[in-house]
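Participant: Handing you a structure now.
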Amino acid sequence: MTARYPMGLIETRDAIACGDRRARDVCDEALRAIETRDVELGAFLHVDAEGAGRDAERIDAVLARGERPGDLAGVPIAVKDVIVTRGLPTTCGSRILDGFIPPYDATVIARLRAAGAVLIGKTNCDEFAMGSSNENSAYRVARNPWDTTRVPGGSSGGSAVAVAANMCAASLGSDTGGSIRQPASLAGVVGLKPTYGRVSRYGLVAFASSLDQVGPFARAVRDVAELLTVIAGHDPLDSTSVDAPVPHYSHNLRTTLKGVRVGVPREYFVEGIDAEVERAVRGALGRLKDLGATIHDVSLPHTPYALGCYYLIATAEASSNLARYDGIRFGFRAARADGGALALREQYTATRERGFGDEVKRRIMLGTFALSSGYYDAYYLKAQKVRALIQRDFDAAFREVDVIATPTSPTAAWKLGAKVADPLQMYLADIYTVSCNLAGNCGVSVPCGFTSENLPIGLQILGPAFAEERILSVAHAYEQSEAWRTRVPPHPETA
Amino acid sequence: MTRADFEAVIGLEVHAQLLTASKLFCGCSTTFGAPPNHHTCPVCLGLPGALPVLSRRAVEFAIRLGLAVGCTIRKKNRFARKNYFYPDLPKGYQISQYEEPICEGGRLDVAGKVVRLRRIHMEEDAGKCVHDAAGSSVDLNRAGVPLLEIVSEPDLSTPEEAGVYLRALRDIVVYLGVCDGNMEEGSFRCDANVSVRRAGARELGTRAEIKNVNSFRFVEKAIAYEIARQVDVVLSGGSVVQETRLFDSDRGITQSMRGKEEAHDYRYFPDPDLLPLDIADASIDDVRRTLPELPAARRSRFLVEYGISEADAVVLTADRVVAEFFDVVMRAYAGDGRRAAGFLRTDWLRVANDRGAADVVARVPAAKIAQLLQMVDAGTISIAARREVFALLVDAGEGDPEAIVRERGLAQTSDAGAIEAAVDAVLSANPNEVAAYRAGKEKLLSFFVGQVMKATRGKANPAIVNDLVLKRLRS
């Protein structure tokens, strides 16, 4: 038996709520899909079959008593392994957190549980969310379901794959410089990075605290909107979360775009962009026009500095955030070859030497340098000034247009291993996504076509802070006007 | 050049642990003495994903101290991360304030000298490492406990001045209720920056920072040692190196801990987990309204308002509970302030030091103290009897002074006839002493008075006894 394809979030929730399906059956289908497909795809680092089954049965029991289930009752959801889950391993894709079982739930997890979601497992990712291909995972290779010789994007590669390959209804990822939108684009699903402060970061293991946000993946914009409604909102445990009302995002989606002004930044269609990607994105812009939107040329003049600015600020914060992995209180601790204890300094060194992967070490060193005495002004402080200029660019642009449309990624999914030896090439994959994080704005990636090799291409819709409703509406109107969502990755069972 | 050609330049950095119920960035208790790692949570353990949330109370305490010592309160201030590795520092960084501290400027008047303050900032404490035969362990109960770091300008020039400054600062934080001021338990800690230079020189010498000084006495000893050491270095043709030194209280010396080249690069940067703190004028005013009168101001007022001596005023204002009680007693008593002060600083304080001032205040309220004072003024009881009645009131925690005097027969006799009879009896029983007195041995007066008091079992009014004895001897 195969999973009912595709497994939508709202559709599944409603089917369970009205008694058409049992949460336990939905859960079993998801578990079976994982069992069948994940050996190859590598989307999961930990599957909680037992816990998920128990949660699903509890939902069925609640429904049987005629009680009102939550907004996600019975919906199988996967969570990126950088989000802490009480009693479930949380590794961040790193050896250094091997064996770490958090004693507490992240706020987003608590909200999922309260809404009745069934946590199916923890998804693969680049170590500490540092990467754009998922190849920096210390545990396993994640593959793109559209072509398993290719990367799924990153760092939330596993969360994108889990949704793309129908192993769950929706998932959570984290986005520091594009880590939700880019894999969504490469894996052909919808992924949203909320405004900084929209979703609590409490329990999201920090990579770069001033840039990180948790956000949803699903196959449809409406499902992304529904999941966002559950996880968004003020959290007293996160001082940077904002106390602003949370609309019911999935209720206010539009299908026409009359009067919507769409900006296209001229700096984004320059060298490095793949011709097929450009063609698909230009086609999508035409479609937006057909739907009633007006297209405007806008300028984000500081775009050329965004990547450098991002890699200074993100690495500086990371160098401090990752200092706590010292092998003393949790996770991996290096020991002598004979199993004996090491002297303190040796233990720190050996633990971090063996526990962290190359990319993480590279970023810790970059960030440490940027904050060092004598270099702080030239690097960290200057990057902060550039960040303010980039924010100003967006503020100015959003005075003229309602949303900004760009490619999500300059290319479709590349071959596994193609960029591993060249970190700079890898960093360039984030060129269209990092500015949104630096500005603290929101952005969503929605499928907008395929390459000649049947690889998905994503359209990025950016909005100002707290304009999630607006960008979701544009993405939804576009999605409904096209048939891309009916295309599914090649499936071994249906092939 | 000799030692006398040098002067020392001293600045102190004091860490005062705040008396808040919870830690600076989480809800864990700050109570001392719990089993190791008992008062911990994901935040103060530095678990992955946990985030700090600032305690409003700690901010209020910082403002309270800032206002009391004349600082400017920075309306926009910020927390920064101070990065370094140590097992007792769970996050690998300490959340502190760097470029934008909550308080700037300010001053303390220390024995007629103004000591300027540079800044006061908030920060979290680290945990504690415990080393024993079984190995080393870490206790994180203290990790995240709120501290204020109070940094003086290098305006002090002797160890004694440093001691006076430190005590004055301690009195203030205790008075304000922001810190218990306990140096031995580590809730009030001091690092000293010391340098020496030719007397009158403008340039500052190279300084050493002395750490691990945990009593007022040790601060003075450590600084005195360090000044002598640095002067010796210079006199012998060497130069002082910039370093951090530890005070060894057993040997009374300071020893190098780490030099300048081993100094940490703390890589301070604004903590992205905490928003810049925006303090409204209104909340500063709220704190200002609740500030108690500080010891120095209260002392001056006591001199003027109650006419008491400087020495009494110093004693009575040292403790806030005592000082406030004295005010209440004076309102109820309305008599001579010097007499009230005399009783409070002797008999009353003796008991209060024993049982705690707050307890004594609760057991014997000001109205009863006023009654006791008035009874002595009226000659109804002797000072000795007052002491006795007061002791009874404290022990019982209740009771009416007049009733006690009555029941115990403690009222003193002012009846001249009865006293006269006793005086006559004493004089006729001691003819030799009377003769000696009259021959010029006037010291014997107190002997006769004592005998009369003994004969009347202490109830005679001593002033009247004195008068009568003199009268009889001279007749």
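Participant: List the residues, sorted by chain then number, that are 5 or more residues from residue A:137 or on another chain and whose placed amide H is less than 5 Å from its amide H.
Facilitator: Distant-sequence amide H within range of residue A:137: A:127.
Participant: Add -39500 (n - 2.57) for each DSSP H run of 4 or more in chain A, then divide by its residues: what number comes out at 222 nm, to the nearest 500 deg cm²/dmol?
Facilitator: -11500 deg cm²/dmol
Participant: Out of residues 5 or more away from residue B:138 or on other chains, whose amide H comes under 5 Å of its own, with H placed 1.01 Å from N in the peptide plane?
Facilitator: Amide H neighbours of residue B:138: B:130.
Participant: Between A and B, buried accessible area summed over both sides at probe 1.4 Å, in Å² to the nearest 100?
Facilitator: For chain A against chain B, roughly 2700 Å² becomes buried.
Participant: Each residue of segment B:304-310 in order: what ³J(HN,Hα) in whole Hz does its phi give by Karplus 6.51 cos²θ - 1.76 cosθ + 1.60, θ = phi - 60°, with x for Gly and Pro?
Facilitator: Calculated HN-Hα couplings, in order: 6, 6, 10, x, 8, 6, 4 Hz.
Participant: Another one. In 10 Å bins starting at 0, how do the alpha-carbon pair distances of segment A:250-390 split up by percent?
Facilitator: Per 10 Å bin, starting at 0, the Cα pair percentages come out as 10, 23, 20, 20, 16, 8, 3, 0.
Participant: Quick one: divide the alpha-carbon radius of gyration of segment A:339-396 by 2.2 N^0.38 Å and tell me what you get.
Facilitator: Rg over 2.2 N^0.38 Å, computed on Cα atoms: 1.72.
Participant: Next question, about the same structure. Apply the Karplus curve 6.51 cos²θ - 1.76 cosθ + 1.60, θ = phi - 60°, to the phi angles in segment A:422-439 and return the couplings in whole Hz, x for Gly and Pro.
Facilitator: 10, x, 5, 4, 5, 4, 5, 4, 9, 4, 8, 9, 5, 4, 4, 5, 4, 7
Participant: Cα centroids of segment A:258-316 and segment A:146-189: how far apart, whole angstrom?
Facilitator: Measuring centre to centre over Cα atoms gives 21 Å.
Participant: What is chain B's relative contact order, in percent, from Cα pairs under 8 angstrom and six or more apart in sequence?
Facilitator: Normalised by residue count, the contact order of chain B is 13 percent.
Participant: Okay, next question. Would you be so kind as to list the residues of segment B:261-308 that have their accessible area lowered by at least 30 Å² in the full protein complex compared with their chain by itself (1.4 Å probe)?
Facilitator: Residues passing the criterion (a loss of at least 30 Å², heavy atoms only) are B:265, B:267, B:269, B:272, B:273, B:275.
Participant: With the dipole of chain B worked out from charges on the C-beta (+1 for Lys and Arg, -1 for Asp and Glu) around the Cα centre, which of B:43, B:311, B:431 lies farthest toward the positive end?
Facilitator: B:431
Participant: At what distance in angstrom do the alpha carbon centres of segment B:231-310 and segment A:381-414 lie from each other?
Facilitator: Computed from Cα coordinates, the inter-centre distance equals 45 Å.
Participant: Excluding ligands, DNA and RNA, what is the solvent-accessible area per residue of segment B:293-408 at a probe of 1.4 Å, expressed in Å²?
Facilitator: 47 Å²
Participant: What residues qualify as long-range amide H neighbours of residue A:165, i.e. H under 5 Å apart, gap of 5 or more or another chain, H built at 1.01 Å from N?
Facilitator: Long-range HN contacts for residue A:165: none found.
Participant: Another one. Take every Cα-Cα distance within segment B:416-474, group them into 10 Å bins from 0 onward, and report for each bin the whole-number percent of pairs it holds.
Facilitator: That works out to 25, 61, 14, 0, in percent per bin.
Participant: Cα axis of helix B:216-235 to longest principal axis of chain B: angle in degrees, 0 to 90, nearest 10?
Facilitator: Roughly 50 degrees between the two axes.
Participant: Evaluate peptide A:370-380: per residue, the Cβ atoms of other protein chains within 10 Å of its Cβ; return the mean as an integer.
Facilitator: The per-residue average across the peptide is 2.
Participant: Shifting gears a bit: Just to check, using Stokes-Einstein with a Kirkwood Rh over alpha carbon pairs, what's the diffusion coefficient of chain B at 25 °C and 0.890 mPa s in µm²/s?
Facilitator: Values: Rh = 26.8 Å.
Estimated via Stokes-Einstein, D reaches 92 µm²/s.
Participant: Let me confirm one metric for peptide A:30-40, namely the mean number of other chain beta-carbon atoms within 10 Å of its residues' beta-carbons.
Facilitator: Mean shielding count: 0.
Participant: Report the percentage of all Cα-Cα pairs in segment A:226-314 whose separation exceeds 17 Å, rounded to a whole percent.
Facilitator: 70 percent
Participant: What are the ³J(HN,Hα) values, in whole Hz, obtained from phi via the Karplus relation 6.51 cos²θ - 1.76 cosθ + 1.60 with θ = phi - 60°, for each residue of segment A:71-83 in sequence order, with x given for Gly and Pro?
Facilitator: 5, 10, 4, x, 7, x, 10, 9, 10, 4, 6, 9, 10
Participant: Moving on to the next point. Once you order the gyration tensor axes a ≥ b ≥ c over the Cα atoms, which shape class does segment A:39-133 get: rounded for a/c under 1.5, otherwise prolate or oblate by comparing a/b with b/c? Write down the numbers at each step before the final one.
Facilitator: Values: a/c = 2.35, a/b = 2.05, b/c = 1.15.
It comes out prolate by the Cα gyration axes.
Participant: Still on this structure, I have one more. So what is the accessible area of segment A:329-420 per residue, in Å², with the probe set to 1.4 Å?
Facilitator: Accessible surface, normalised per residue, equals 51 Å².
Participant: Run the accessible area of segment B:3-286 with a 1.4 Å probe and give the carbon-and-sulfur part as a rounded percent. Mind dumping the intermediate values first?
Facilitator: Numbers: 5770 of 11900 Å².
It is 48 percent, rounded to a whole number.
Participant: Let me ask another. Given a 1.4 angstrom probe, I'd like the percentage of the accessible area of chain A that is carbon and sulfur, rounded to a whole number.
Facilitator: 52 percent
Participant: Leaving out ligands and nucleic acids, note down the accessible area per residue over segment A:9-254 with a 1.4 angstrom probe, in whole Å².
Facilitator: Values: 6510 Å² over 246 residues.
Solvent-accessible surface per residue comes out at 26 Å².
Participant: Taking a quarter of the surface of the convex hull around the Cα atoms of the protein assembly as shown, what do you get in nm²?
Facilitator: That works out to 55.8 nm².
Participant: Next question, about the same structure. What are the residues of segment B:16-57 that lose 30 Å² or more of accessible area, with a 1.4 Å probe, going from their chain alone to all protein chains?
Facilitator: For segment B:16-57, once contacts with the other chains are taken into account, B:42, B:47, B:48, B:49, B:51, B:53 lose 30 Å² or more.
Participant: For segment B:416-474, which whole-number percentage of the solvent-accessible area (1.4 Å probe, protein heavy atoms only) is attributable to carbon and sulfur atoms?
Facilitator: 55 percent
The values are calculated or read from the model by the stated rules, or taken from the named source; none is laboratory data. Everything numeric in this text was worked out from a predicted model, so none of it was measured. Positions of Cβ are generated from backbone atoms using ideal geometry, with glycine treated the same way; all protein chains shown enter the neighbour counts. Surface accessibility is based on the protein's heavy atoms, side chains included, excluding ligands, DNA and RNA. Shrake-Rupley method; radii C 1.70, N 1.55, O 1.52, S 1.80 Å.
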